[in-house]
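> The structure under discussion is supplied below as structure tokens; questions concerning it will follow.
The values are calculated or read from the model by the stated rules, or taken from the named source; none is laboratory data. In this text the structure is predicted, and so the values were computed from the model without any measurement. For neighbour counting, all protein chains shown are included, and Cβ atoms are generated from backbone atoms with ideal geometry for every residue, glycine included. Ligands, DNA and RNA are stripped out before the accessible areas are found, and what is left, the full protein with its side chains, is counted by its heavy atoms. Shrake-Rupley method; radii C 1.70, N 1.55, O 1.52, S 1.80 Å.
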Amino acid sequence: MELDEAAAPAMHTCGRGHRSSLAVAVSAAAAAAEGVGGVICLACFSALLSDPLSPSHHVSHALSQLSLALRADPAFARALGARHPHLLAPPLVRALAAAAAADDAALARQAVDLIVDISVASDVSVSADFLGRLADLLSSHLLEMIALQPILGTKQLFSLTSFKVYSFPEVCGEILFVLYKLFLLQGTPWEEGDNEFDALVSREKLLRFSLEVLLKAQNDDARLNCVALLLVLARRGFFENLFTSEQTGIDMGDADNFMHTDESALNSPLINLFAEAIKGPLLSCDTQVQTSTLDLIFHSLSSDFNISEQIKVLVEENVADYIFEVLRLSGKKDPLIISCLQVLDLFATEEETFIQTLTVGFPMLLSTLRYVAEIPFHPVQTHVLRLVFLCISNCPGIISMPQVEEIATKLTEIFKGHSVEALGVASEVFTLSCLISVEILKSPSSNNTQKLSSTIQEASRNAVVSSIKSYGHDNQLLLYSLYLLKEAFMHICSEGSNPNSYTKVLERSIIKTCEDYLLPWLEEVLTEVPDEEVVLGVLETFHVILLKGSEVESMKFSQTLASSSWFSLSFGLLGLYPSDLMKTRVYLMLSSLIDRIIGSECGEAIQDAYACLPSDPLDLIYLLGQRSSHDLNLASCQCAILVLLYVSTLYGERLASENEVLAALEQYIIVNNTNFSCGISDSMILTQLILLYSLIRASSVGYSAAYNAEAEKTIFRLISEKEWDLLTISIHPLALNWLFQQEALLSPLSYQLLNFSKFYSSNKNQICVHLDKMQIMDIQMIAQLVVSGNNYVIQILVLLLKEVGEEGREDDAISVMNVLGGLLEIYPKSSNQLCLEGFADALRCSYYSTHSLQNFMTCSLIVFNVLYSANCKALIQEGEWLSVIQKLLEHLKPKSASQSCGQEEYLVIAILCIVLRFSTNQVLIEPAKAILFSNSLVSSVEKVVQTACTKGPALSKHEEDTTLGESLIFVLLLNLFALKSLHAILQDTIDWQDYLQLSDEVDTLSVLSIKCHDLCRLLYSGSSLVKLVASQCLLELLTRISEQRNSKGDELRCSWRYLESMMAVIEGLLFYGDYLVARNCGMCFAMILGWEKFGLVEKRAIKDSKWCRIVMEEFVMALAAPGLTSRCFTNQHKPAAYMAVTLLKLDRVPEWMKSLFDSSCISGIVNNLSASNVTAEIVMFFRELMMRNYLNDEHIATLHHLFQVCRKQAYEDNSKNQFSDDSLDKVVADPGDIDQICSILIHLMLSPDMGYNDAYKEQKKLLEEIDIFFQVSTTQ
């Protein structure tokens, strides 16, 4: 640079030849005043500053000369501003950078002052140029902020922000960026050594300037610079107290060189200006601008100690609405979501102002909840949950049913993530999730929400599980999970919640959570002495379930608690926590527990006296043994102690040793003997006293330990004289059994059983819950007593039945018989004990006192069930049974004349059948004879049979339309059992061939009977069931005729035509579809074939029979090639086997038998056999073939091996099939169930051997035939 003083003003050139347009002249006056003059060449000036090798003192001199010229000569300043002012911007900025790099503060300050002077003298573009270059250097880190710290002050920066700059927001953005970079390192640069500006005023001016720039900025880059600076200022605390300042403007006298704005901006409060300024950036398309703006809001409010008023203004200015809109459009951009929720969470501190806006933005919160709930450890999970909770708790009606289900589902996912690891979710997230779940349950939309039940079910379970795992780290979590569990249960039990399948499932799930997790945890953690508050929370939850739960579920839960040593645990808690609160909770819960277990509000005694009860169980035992005649409080405590002792003893718990309890109980009985009216006036307490004493005496220790005879005598007197009731309280079976073992108590126990009988008769269909430890006395418990034996239950029932029968108390008699009927349904073998205790005599009394048909049916049903289930050895009272049978026969007399039968007649006939069946074992012979020789019964049977026979082929159809079918079935069954009875008790007096004669050929039999020809008619025309019973009767008759002829050698007295007609009917049923009918007919046909040994008539019949060969051919086909057998012969080889055996036994075997059963045929049959399809009939058939020499050695060897395998398999099966099925022991429950009664009689008809099932009998018969086969084969 050169300064040429001689040069003319018009021509300014430098020595280096730069053109004159780059030279600026200084006026003479200025030159004289400031010591400068001549011309300043801008090109030389720029070159000097740009040369890195220029000495610093040269650069400093040049800067000072130019600065002096600008200040001294306004004309020079105008000329410089008009001619190439931008030429100096690059070298000045480079000089500033070089000075800063060389740590030359003086030189750097000169450069900054010159930049400010040139900017003031030039237009706005020069300032923008300087600021832009400074910003580029700062952003590229070529200029360190540390270099600017001592030289760049507020005054210089304010000089750059003149009204000309403010008119261009983009330029202001560059200024703010420079300030932003400065403030990153420098705290308050104007406060050091600068006394012109008041600090507070300077802060407000800077904030207002920045906010106004932000308000008018349209470019995202400028907005970003503004927000960045404001954010730094907020973090430095610039916003403290400013938003609450009463100033609405600034002192323009101190800001002449600061800025000029419009009037509205100057008069607007800073907080309102802030609210308006941030709206634009919030709606920006640049995510960084939005995020930075949200961070600015958050930090500006966080830095103010009095943010309540600021939040109110921001909410009133609708800033929250803008934030919700940003949240809606966030598109799962995590930084943006985090910033939004942080600010909204801060707004939520001003609940009253913010709640209305929050409800509007609730849908956006839900969409955000969907997102953050899926991400574990998301930083704003707590914020969004807090906002959701705030909204739902203040406006419960805001959520719809779908939203309820959605929120519950998301909370369940949070709980599930927490349950994976004990500390997997923040504690606040967990507690907020619990609180929101509770608020959801309280909302109107939660009622009848199907999906909510399953989600709350899972959420409550996961919450409890995770809080238990976290116990020890954060104990409060368990309290919140218990709060959720309790409120979920209260939701089920609330009046507005209609019980349905979903609520029942939720209730069961909550109770199961308590049973599976809370109860075991409580038992386990007691050794560590947990927080009393947590223990009380668990007890409160259990107590709510006992008080509010449904009858069934709360009963199950109470049983679970009681079975888990709850009494011991409760007194353990009283020992660990001696506070009054714990004592109250424990005793009140025990009161509710006992109410559920025993019923009848038995726990009220504890509820009334809990305040006076001690916490130590030994003290309770001591109090029980005291005299309480003059102390009502003590009497009340003793009643409560009796309840506690009784229920705890029921479940095997002992508050003290059994000897101590028994001694205290006996002392209580003795010392209060003279005045029980004070201490034990309630019958319920007396009942508990009696049952407690009985249970302790019945225990194993009680039996062996000594007892006080005086106490026992007193308790027996109380039982006999006082009013007590076994039906009102739950009873332990051992206690009840001990009572019924005491012979001295038969009379009072008889009264109790009568009451029970009346109750049972009116509540027969009531379902009782049977438990291991105890139950309300019901028919099941009575049956258990009978099964156990060694008590007087059966004896009392029989005596009671006889007593009420003799006294004519018909209703009481029916009640007792109903109990006996129920007893037989449960334990049919109790009929033996009944018979041994004189049941027949009691029945006789009941029958003769019965007048109504219903009572007669009830009594008859008991008789039927007893006789059906009883053993022969138990029927010892034959005389009494004869009276019963005579009464039944009297009942049938009026019906015999009218031939009309009803259900009661069928039931009576069934009883007669069973009596006749017993007579075959030489039991009940006299009652059987009364039946056999009953003229009215014989006449009735004859009329029914003749009526049926007259129907002819139409009989089967007629059976379906009338009662004739049922009557005929029962008459045939009666005839069958009569035939068996006649054979057993009157064998020597009966000529069985009389059954072969027509009615006009011989006198009618004087006993109960049906002739063979009538049986054949029924066999031919009747239904399948009639054919079955008739064929069984015919088989029985023919068997008796054959046996009698075999023993006496009598000739047949029937005609040829009679025999031929019989064979025709039998032959036609050999291929009948019912196997049993075909088997019976086959055996009958074989029996008739066997008669040929005794007369010519039979020989002719056999010779002319054409069915024999046909049957044998089918028989061979069935054994050798089952697939070629005709359909009518399928599974009918057993009847044919009997016929084949009979033919082989004839003296003269038909010739065609030899050709039919040749060697090849027999080989085919043998090869087709296996151990699984061999029957006793097949073995019998091969035995006859062997005896007739139809088998060769190879056949015999093969059969030997096969039968060995069969015998081994039969022995193995016998151990499994020996005993009869349980179904055979079932008795008839309804006297009108004629089908079941008929089925029982059919079963008895087909099962002559008592006590074994059909499979066992088949196996036994097979083994017998195999043994005979082996014996015959060894002898030949």
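> With the Cα gyration tensor of the stretch 902-1049 in hand, convert its eigenvalues to equivalent ellipsoid semi-axes via √(5λ) and list them largest first in whole Å. Could the numbers behind the result be given before it?
Working: eigenvalues 113, 72, 34 Å².
That gives 24, 19, 13 Å for the three semi-axes.
> Additional query: Roughly how big is the stretch 745-876's charge dipole about its Cα centre, with Cβ charges of +1 (Lys, Arg) and -1 (Asp, Glu), in debye to the nearest 20? It would help to have the intermediate numbers written out before the result.
Numbers: 8 positive and 11 negative charges, 55 e Å.
The dipole of the stretch 745-876 has a size of about 260 debye.
> For the full complex of protein chains and a 1.4 angstrom probe, list Trp1152, Trp992 by accessible area with the highest value first. Please list the in-between numbers first.
On the way: Trp1152 50, Trp992 0 Å².
The most accessible residue leads, giving Trp1152, Trp992.
> Mind checking the per residue accessible area of the stretch 902-1049 for me, 1.4 Å probe, whole number of Å²?
35 Å²
> Normalised by the residues of the stretch 426-541, what does the relative contact order come to in percent, with Cα pairs under 8 Å and at least six apart?
On the way: 86 pairs, mean separation 38.1, N = 116.
Relative contact order of the stretch 426-541: 33 percent.
> Then there's this: Compute, for the stretch 902-1049, the length of the dipole vector about the Cα centre, with Cβ point charges of +1 (Lys, Arg) and -1 (Asp, Glu) only. Units Debye, rounded to 20.
Dipole of the stretch 902-1049, to the nearest 20 debye: 340 debye.
> Quick one: grab Rg to one decimal and Dmax as a whole number for the stretch 450-589, Cα atoms only, in Å.
According to the Cα coordinates of the stretch 450-589, Rg and Dmax are 14.7, 45 Å.
> For the stretch 65-123, what is the Kirkwood hydrodynamic radius in Å, using each pair of distinct C-alpha atoms?
Final number for the Kirkwood radius of the stretch 65-123 is 11.7 Å.
> For the stretch 317-356, with only Lys/Arg (+1) and Asp/Glu (-1) charged at the beta-carbon, what is the dipole magnitude about the Cα centre, in debye rounded to 20?
360 debye
> Further, regarding this structure: What nm value, rounded to one decimal, do you get for the distance between Thr963 and Cys395 when each label is placed 7 Å out toward the C-beta?
Computed distance between label sites Thr963 and Cys395 equals 7.7 nm.
> Once the Cα atoms of the stretch 745-876 are picked out, what are the Rg and Dmax in Å?
Spelled out, the Cα radius of gyration and Dmax of the stretch 745-876 are 13.9, 43 Å.
> Would you mind computing, in nm to one decimal, how far apart the modelled labels at Lys512 and Gln1204 are, each placed 7 Å from Cα along Cα→Cβ?
Those two pseudo-labels are separated by 5.8 nm.
> Could you compute the FRET efficiency for Lys893 and Glu601, with r as their C-beta to C-beta distance and R0 at 35 Å, rounded to 0.05?
The pair Lys893/Glu601 has a calculated efficiency of 0.05.
> Taking the Cβ-Cβ separation of Glu806 and Ser852 as r and a Förster radius of 22 Å, what is the calculated FRET efficiency to the nearest 0.05?
Details: r = 18 Å, r/R0 = 0.82.
About 0.75, to the nearest 0.05.
> Hey, rough spin-label estimate for Asp221 and Thr1275, points 7 angstrom out along Cα→Cβ, what's it come to in nanometres?
12.8 nm
> Over the stretch 902-1049, what is the relative contact order in percent, taking alpha-carbon pairs closer than 8 angstrom and at least six residues apart? It would help to have the intermediate numbers written out before the result.
Values: 163 pairs, mean separation 43.9, N = 148.
Rounded, it is 30 percent for the stretch 902-1049.
> Also, I was wondering about something else. Order Tyr1211, Tyr651, Tyr868, most accessible first, counting only protein heavy atoms with a 1.4 angstrom probe.
Descending accessible area places them as Tyr1211, Tyr868, Tyr651.
> Extension gain Leu547-Glu926, at 0.36 nm per residue separation less the Cα-Cα distance, in nm?
So the chain would gain 130.1 nm between Leu547 and Glu926.
> Now a separate question. Roughly speaking, what is the stretch gain from Tyr622 to Ser1170, that is 0.36 nm per residue apart minus the C-alpha to C-alpha distance, in nm to one decimal?
Contour length minus Cα-Cα distance gives 189.4 nm.
> Suppose the chain between Arg78 and Leu1156 were pulled fully straight at 0.36 nm per residue; how much longer would it get relative to their current alpha carbon spacing? The partial results should precede the final answer.
Values: separation 1078, 0.36 × 1078 = 388.08 nm, distance 14.90 nm.
Gain on stretching Arg78 to Leu1156: 373.2 nm.
> Now a separate question. Distance between Cα centroids, the stretch 1017-1068 to the stretch 794-825: provide it in whole Å.
About 46 Å separates the Cα centre of the stretch 1017-1068 from the one of the stretch 794-825.
> Can you tell me the FRET efficiency between Lys829 and Gln1236 if r is taken as the Cβ-Cβ distance and R0 is 30 Å, rounded to the nearest 0.05?
0.95
> I need the Debye-formula profile for the stretch 429-528: one equal scatterer per C-alpha, no solvent, reported as log10 I(q)/I(0) at q = 0.10 1/Å, two decimals.
Taken in order of the listed q values, log10 I(q)/I(0) reads -0.27.
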